[in-house]
Number of protein chains: 2
Amino acid sequence: MPRKPSYDRDALIAQARDIFWRQGWAGTSLKDLESELKLKPGSFYAAFGSKDALYALALQKYLHDSVARMQTLAEELGPLGALKAQPLLVVEAADPPSRVCMLAKTFAELRARDHELSAQAGAHLGEMLECFTALFQQAQARGEIGGDHDPARLAARYQSDLMGLRLSADRDDVDARAIASDIASDIERLRAT
Amino acid sequence: MPRKPSYDRDALIAQARDIFWRQGWAGTSLKDLESELKLKPGSFYAAFGSKDALYALALQKYLHDSVARMQTLAEELGPLGALKAQPLLVVEAADPPSRVCMLAKTFAELRARDHELSAQAGAHLGEMLECFTALFQQAQARGEIGGDHDPARLAARYQSDLMGLRLSADRDDVDARAIASDIASDIERLRAT
DNA sequence: GGCTTTATTGAGTGGTCACTCAAGTATATA
DNA sequence: TATATACTTGAGTGACCACTCAATAAAGCC
């Protein structure tokens with residue numbers, strides 16, 4: 001009896017993620033979303049409920065894909081190799097919506113209002129941090145880095161540096177590759193000798 | 001003949017800077033400004049012309065104060081000492097509007113729209129970078145760091161790390177002091193032996 | 001083909017946005 | 001004190017905001 005929707009829900013979420021990522025929460029209007037996703041207001045609200053609900057789905061997808069990418073990279077290059085490769089990969093990615101981390105952007109934009117989406121972005125940053133921590137732990141377990149390092153502390157510094165790098169990469173008066181290379185050198189320097 | 005305004009223009013700009021800093025560009029309405037600055041719309045527009053014009057003044061003040069603070073610090077602690085001290089000072093500052101750098105926030109928020117204020121924030125980040133570069137150069141000239149380092153490259157990495165740190169400092173699941181201390185250690189490690 | 005159930009449409013909602021302007025008020029000079 | 005010159009006031013502007021809903025169209029099952 002039911003009629004199927006004519007759109008691919010998951011593709012729409014990915015598209016919305018890119019718009020939100022580029023323009024931010026306040027900078028994206030329903031009109032923007034409706035025209036890009038080719039949905040009339042009625043369909044939009046039937047499908048997602050609200051702008052914030054769609055934004056939450058977009059954040060979730062962003063986190064999921066980010067973690068998956070790091071884990072794939074770790075399978076290819078090993079944990080330390082993945083951590084070392086990531087900075088330059090981020091800088092050299094072919095036209096992403098923005099080089100700046102969407103979680104960091106959302107967290108910063110909405111924190112002052114105590115908006116629920118800021119809390120969610122913060123929680124997702126925490127999950128990303130755990131992902132980095134796990135990789136440093138694995139590197140340590142493999143003996144790639146010395147046992148005197150604290151993986152959680154290394155991960156916090158690493159994530160912080162990465163957020164700075166990604167913001168720097170959006171500027172055109174800064175050599176982000178040089179920064180990425182220096183961050184990678186810091187990782188390399190941890191390698192147990 | 002003329003009547004003097006009843007407000008202190010410079011104090012109003014500082015107040016506006018704090019509101020914009022905390023809430024961002026899109027997150028701050030004229031109503032917010034009018035109620036906080038105790039200005040009716042007519043007075044507001046007579047005094048500043050537009051929301052964007054006031055934001056531009058706020059950015060300018062932010063940059064000016066930031067550079068002045070670094071230079072004062074350098075007079076007290078020397079160039080390398082100032083660079084080393086700054087990370088922890090930023091983290092431990094008593095309730096600023098936001099730990100996140102206002103220039104970085106503005107740049108990230110408005111870049112997608114090619115807003116003029118984003119370009120201005122970007123330019124100011126460049127001036128801040130020059131300030132850091134000058135301090136590294138001075139440290140080198142004094143022989144505090146080795147001659148094999150490139151001050152511009154050190155400054156770019158330093159500024160990038162600082163932006164990451166300041167975002168991290170707004171999270172409550174991260175030990176920003178530890179990150180600040182690690183950044184300071186990196187500076188210390190440059191010291192010529 | 002008839003019927004049920006859902007998707008789609010787009011004009012319309014009240015509210016807020018940045019901003020304007022004419023009228024009223026206070027002050028420094030002459 | 002009279003007057004010119006500002007500053008101050010606040011209701012009002014059209015545009016846009018997120019969002020609603022009744023009408024219409026299309027698909028699956030009998």
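The values are calculated or read from the model by the stated rules, or taken from the named source; none is laboratory data. A quick note: this is a predicted structure, and the numbers were derived from the prediction, not measured. Backbone-built Cβ (ideal geometry, glycine too); neighbour counts: all protein chains shown. To get the accessible areas, we keep the full protein, side chains included, count just its heavy atoms, and leave off ligands, DNA and RNA. Shrake-Rupley method; radii C 1.70, N 1.55, O 1.52, S 1.80 Å.
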* Asked: To one decimal place, what orientation-averaged projected area in nm² is obtained for the convex hull of the Cα set of chain A?
  -> 13.4
* By a straight-distance test (C-alpha under 18 Å), which lysines pair with residue B:31 as possible cross-link partners, with residues fewer than eight away in the same chain excluded? -> B:40, B:51
* Taking H as built 1.01 Å from N, whose amide H comes closer than 5 Å to the amide H of residue B:145, not counting residues under 5 places away? -> B:140, B:192
* Along Cα→Cβ at 7 Å, what distances in nm separate the residue B:89 label point from those on the other copies, shortest first? -> 3.8
* Can you list, shortest first in nanometers, how far residue A:7 lies from the same residue in the other copies, with each label 7 Å from Cα toward Cβ? -> 4.3
* To do: Just the number, please: carbon plus sulfur as a percent of the accessible area of the protein assembly as shown, 1.4 Å probe, no ligands or DNA/RNA counted.
  => 50
* How many Å² of accessible area per residue for region B:76-193, probe 1.4 Å? -> 42
* Asked: Is there a simple number for the mean count of other chain Cβ atoms within 10 Å of the Cβ of residues in B:106-114, and what is it?
  -> 6
* Those trypsin sites (Lys or Arg not before Pro) in region B:64-151 that DSSP places in a loop and that have at most 12 other beta carbons within 10 Å -> B:142
* To do: Determine the principal axes of the Cα atoms in the protein assembly as shown, then give the extent along each, sorted from largest to smallest and rounded to whole angstroms.
  => 81, 62, 31
* To do: Tell me what the protein assembly as shown gives for mean residue ellipticity at 222 nm when only DSSP H runs of n ≥ 4 count, each as -39,500 (n - 2.57), the sum divided by the residue total, rounded to 500 deg cm²/dmol.
  => -24500 deg cm²/dmol
* Between 0 and 90°, nearest 10: helix B:176-190 axis offset from chain B longest Cα axis -> 50
* To do: Every other copy gets compared here: list the nm distances from the residue A:34 label point (7 Å along Cα to Cβ) to its counterparts, shortest first, one decimal.
  => 2.8
* Taking Cα atoms, how many degrees apart are the long axis of helix A:51-92 and the longest axis of chain A, rounded to 10 and kept between 0 and 90? -> 20
* Asked: To the nearest 100 Å², how much accessible surface do chains B and A hide from each other in total, with a 1.4 Å probe?
  -> 3000
* Against the longest principal axis of chain B, how steep is helix B:9-23, in degrees 0 to 90 to the nearest 10, with axes from Cα atoms? -> 70
